[in-house]
1. Would you check which residues across region 317-330 are touching a residue at least 40 places away in the same chain (Cβ under 8 Å) and open to solvent by 20 Å² or more (accessible area, probe 1.4 Å) and list them?
2. Residue by residue through region 491-520, note down the ones that are more than 20 Å from the chain's Cα centre (by Cα) and exposed (fewer than 12 other Cβ atoms within 10 Å of the Cβ).
3. Can you run down the residue pairs with Cβ atoms below 8 Å, 6 or more apart or on separate chains, where the first is in region 399-414 and under 23 Å from SER389 (Cα atoms) and the partner is acidic (Asp, Glu) and outside any strand (DSSP E or B)?
4. For SER74, indicate whether it is more than 21 Å from THR431 (Cα to Cα), among the hydroxyl-bearing types (Ser, Thr, Tyr) and open to solvent by less than 40 Å² (accessible area, probe 1.4 Å).
5. Scan region 16-49 for residues that are surrounded by fewer than 18 Cβ atoms within 10 Å (Cβ to Cβ), of a type in the set (Gly, Ala, Ser) and closer than 14 Å to CYS82 by Cβ and jot them down.
6. Quick one: is GLY139 at pLDDT below 90 and not in a helix (DSSP H, G or I)?
7. Just a yes or no: is a residue in region 185-208 at pLDDT 75 or above, within 25 Å of TYR94 (Cβ to Cβ) and open to solvent by 40 Å² or more (accessible area, probe 1.4 Å)?
8. Could you tell me which residue of region 147-156 is farthest from the chain's Cα centre (by Cα), considering only residues that are open to solvent by less than 30 Å² (accessible area, probe 1.4 Å) and more than 12 Å from VAL226 (Cβ to Cβ)?
Amino acid sequence: MTAQEVRLCGLLLQEHFGEVVERIGTHLLRAGAQNLRTIANETNTPLDLVKKSLCVLVQHGACEFGSGRRGPGSPVEYRASCERVLRVLRYPRYIYTAKTLYGDTGELIVEEVLQRGHMTMSNTVKTVADRLTHNMEEGRSMEYSEVVSAFSKLVETHFLQRCPPVAEMGTAATSSNPDCYKLPHVTLTGRGKRRRSSDDSEEQRGGKKAKMDSESCGDEGIYWQVNFERFHQHFRDQAIISAVASKLDQTSSEIVRTMLRMSEVTTTQTAAYTQPLSANEIFRSLPPNYSISRPILDQYLSLLVDDPMEFVGKSGDSGGGMYVVNLQRALANLARATLESVVQERFGSRSARIFRLLLRKRHLEQKQVEDFAMIPAKEAKDMLYTLLSENLVQLQEIPKTPDHAPSRTFYLYTVNQLPTARLLLQHCYKTVANLIERRLFETKENKRLLEKSQRIEAILASLQASGAEPEQLTEVEEMITAPERQQLEALRHHINKLDSTENQVDETVFLLESYIFSTKTK
């Protein structure tokens with residue numbers, strides 16, 4: 001774990017859970033597994049606050065606990081997970097994917113489960129139904145059965161899974177839970193209730209009522225969490241499909257999409273290839289609106305197999321030919337394209353030409369680089385030294401004699417894709433942390449103006465609800481002056497830009513992380 005990862009984790013914890021949780025979380029990331037007393041002493045935090053912070057981290061899966069290193073009977077130790085904290089960065093993408101696949105209901109289900117860490121099915125259904133009803137027209141409400149249906153689909157496609165049972169010693173069960181996608185029999189009938197401002201005084205009574213309701217639904221103690229690996233598999237598949245579409249054409253990408261869809265639940269996250277599929281199966285599973293004849297499909301499959309990107313491979317001849325999607329090769333090629341584009345953006349197209357040449361030829365002397373890239377000697381030398389100073393290119397010495405004399409030594413330039421990808425990933429973590437810090441700074445600088453804007457919006461909402469006159473509404477709106485309104489608009493535009501940049505950098509982070517992970521499991 002690097003300093004950049006810990007810094008980014010700290011910023012994410014602070015933004016989502018507050019300063020105390022951030023202090024405890026970053027301390028555990030740096031110090032490793034520790035017991036409760038040690039954490040409290042080393043962070044100078046009261047014991048009850050440490051307990052609450054650890055509860056938050058455990059609830060969101062960012063912290064594990066187990067018996068101490070001295071064996072049974074020793075104090076329980078807590079260990080923070082850097083990888084799990086970094087997933088917080090991708091929450092908007094998970095929610096947006098659920099919306100794309102399962103509409104507003106799927107979006108709110110995933111949002112609620114992410115916000116709470118884990119929830120029972122009955123509680124999720126009721127909360128989501130209430131939220132959807134609140135946004136509907138007066139007199140309309142959301143049926144529980146519709147939310148149950150969306151929840152079931154998310155479980156069937158493995159986007160949601162049961163939380164693993166906790167063993168007696170307090171550690172999460174390590175063996176895979178056989179019932180992790182088994183839906184409980186829940187007795188839920190009714191509709192979502194509209195939340196009204198007058199209900200605020202009854203919030204405590206409502207909380208007790210919700211608790212009583214959940215007890216009689218038949219799923220007590222069965223908690224659900226978001227299956228991040230399944231979302232990551234979906235993101236990886238989408239990246240492969242987009243790459244095929246831009247490299248070849250839409251029909252080729254649709255064939256690859258069909259192959260990935262057919263094997264999405266049967267292919268594990270660590271698999272190098274998808275399950276072999278026959279050309280007959282692929283032909284039958286193509287979308288009905290794609291009127292491709294069987295001979296045309298065979299031609300497309302041959303084209304995909306022969307393509308230098310090697311996204312699709314042939315594994316046999318039965319059933320008209322057996323085909324697989326080469327996942328590891330696809331990720332390596334996507335990471336390679338990312339590295340090339342970074343070099344091009346930072347150092348220009350000529351440096352990118354040298355970088356691509358070294359990736360393809362593996363080892364070249366300076367004179368060979370100049371000749372193959374067709375770049376004048378002085379320029380090529382400058383570019384190679386710039387790339388070398390940025391650690392994007394490595395220099396390998398091969399001596400002819402044991403004394404390593406420069407005149408009797410070959411100096412070969414090369415690119416090692418994996419270390420370069422790791423280096424770029426650290427740069428991405430640093431960039432995201434800088435973006436978050438900038439956004440927090442902008443918000444803090446304009447805190448007074450933002451609070452004033454929120455107060456006025458709240459007054460307007462209550463006046464509209466009580467049927468106020470248009471003159472009254474205009475009078476309240478004019479409480480914000482023209483310069484202030486302009487400043488607010490500029491601030492919102494700036495923060496939206498920072499947010500979208502954050503999401504774009506995270507797409508690069510995801511590709512590089514997936515590639516590095518795939519090389520570990522090779």
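The values are calculated or read from the model by the stated rules, or taken from the named source; none is laboratory data. What you see is a predicted model; the values in this text were computed from it and never measured. Virtual Cβ from ideal backbone geometry, glycine too; neighbours counted across all protein chains shown. Just the protein is used for accessible areas: all its heavy atoms, side chains included, with ligands, DNA and RNA removed. Shrake-Rupley method; radii C 1.70, N 1.55, O 1.52, S 1.80 Å.
1. Within region 317-330, the subset touching a residue at least 40 places away in the same chain (Cβ under 8 Å) is 318-328, 330.
Hits for region 317-330 are SER318, GLY319, GLY320, MET322, ASN326, GLN328.
2. Result: HIS493, single match.
3. PHE410/GLU365; TYR411/GLU365; LEU412/GLU365; TYR413/GLU365
4. So SER74 passes the test.
5. ALA31, GLY32, ALA33, listed by residue number.
6. yes
7. Within region 185-208, none of the residues are at pLDDT 75 or above, within 25 Å of TYR94 (Cβ to Cβ) and open to solvent by 40 Å² or more (accessible area, probe 1.4 Å).
8. We begin by selecting, within region 147-156, every residue open to solvent by less than 30 Å² (accessible area, probe 1.4 Å); these are 147, 150-152, 154-155.
Then drop every residue that is not more than 12 Å from VAL226 (Cβ to Cβ), which leaves 147, 150-152.
On the way: VAL147: 24, ALA150: 22, PHE151: 21, SER152: 22 Å.
Applying the filter and picking the extreme gives VAL147.
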